[in-house]
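Each reported figure results from applying straightforward, stated rules to the coordinates on display, with no laboratory input. Since the structure is predicted, the reported quantities are computational estimates derived from the model, not experimental observations. Note: ideal-geometry Cβ built from the backbone for every residue, glycine included; neighbour counts use all protein chains shown.
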Amino acid sequence: MSTAVLSKRYLRFLPDDQEEDCELIRSKPYDEKENPDGFISLETSENHLCDDLILSKFVDSKIHAMQPWMLQYCNPRGIDKLRDAVARHLSCQAKSRQPVRADDITIFNGAESVITSLMQVICDPEDGFLVPSPCYGGGMLGITNSLIRIPQVKPILVHLESRVNFEAGETRPFQLTVPRLEAAYKKAVEQGVKVKGIFLINPNNPTGEIYDCQLLKECLDFANRNSLHVVIDEIYMGDRKSVV
């Protein structure tokens, strides 16, 4: 397609060399027998431990029982029965102080769609959002793309180091700490960026770091002191034992 018929907004985000490299990696995955010279992608952490359980559901005849209401428009926030099931699941899994209601739930078709929509609600163009790095880097650079492409929000990367800084009280690689958040926040403010919030993935993707209750409380205190939103992606919540 000729770029002459495309918007300036889209042209700013045409795939670059980095995206082409990602596509190459995904197109030639490593396999011990079939493709021993293939690539092992470290850009994304994926959980395949439950594949057999999930696949068994798709061959269950009860799952494929179609009903008339499934052929019509549904609530734009998601199918009512699904939202109710998710609310009950979260009330149990997250041990919420108050029961989660279906009215508290909105269903999207993926985390990046959620981020894109949410950023347009709570941020203006050129606002900033703190993002611990390394972070999820799926299609078109994942999280950072979801912030930039449509909402035009600036990712403020909070760089986490592979080398442990024992003098700063760190005990492991890629450890998120409030001092690191504070340093990134202060630098962004000094550069004139209006920081609106913090984005966390717990457990972290791709490092696997699990943020315990104490760290999450410290992050919430930091956000409260600076009037910041906190957005937490807990898509792997059921894979860990400790929840807030």
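List of remarks:
- Cα gyration tensor category, rounded, prolate or oblate, for the range 122-202 with a/c compared to 1.5: oblate
- Positive dipole terminus of the range 21-90, leading residue within Asn35, Leu90, Trp69 (C-beta point charges): Trp69
- From most to least packed by mean Cβ count within 10 Å, the peptides 91-99, 202-210, 156-164 give 202-210, 156-164, 91-99.
- Residues Ala94 and Ala183, FRET efficiency given R0 of 22 Å [Cβ-Cβ distance, rounded to 0.05]: 0.15
- Two-site FRET efficiency, Met66 against Glu161, from Cβ-Cβ distance with R₀ of 51 Å, rounded to 0.05: 0.45
- Legend: distances between Cα atoms for Lys154/Lys186; Lys187/Lys217; Lys28/Lys57; Lys57/Lys95; pairs beyond 19 Å are Lys187/Lys217; Lys28/Lys57; Lys57/Lys95.
- Student exercise, the range 151-235 dipole from Lys, Arg, Asp, Glu Cβ charges, in Debye to nearest 20: 380
- Span from the the range 206-223 Cα centroid across to the the range 63-99 one, whole angstrom: 28
- At 1.002 mPa s and 20 °C, Stokes D of the range 84-167 from Kirkwood alpha-carbon radius, µm² per second: 142
- Modelled spin labels at Val193 and Asn35, positioned 7 Å past Cα toward Cβ, are 3.5 nm from each other.
- The peptide list 217-225, 113-121, put in order of mean Cβ contacts within 10 Å with the highest first, becomes 113-121, 217-225.
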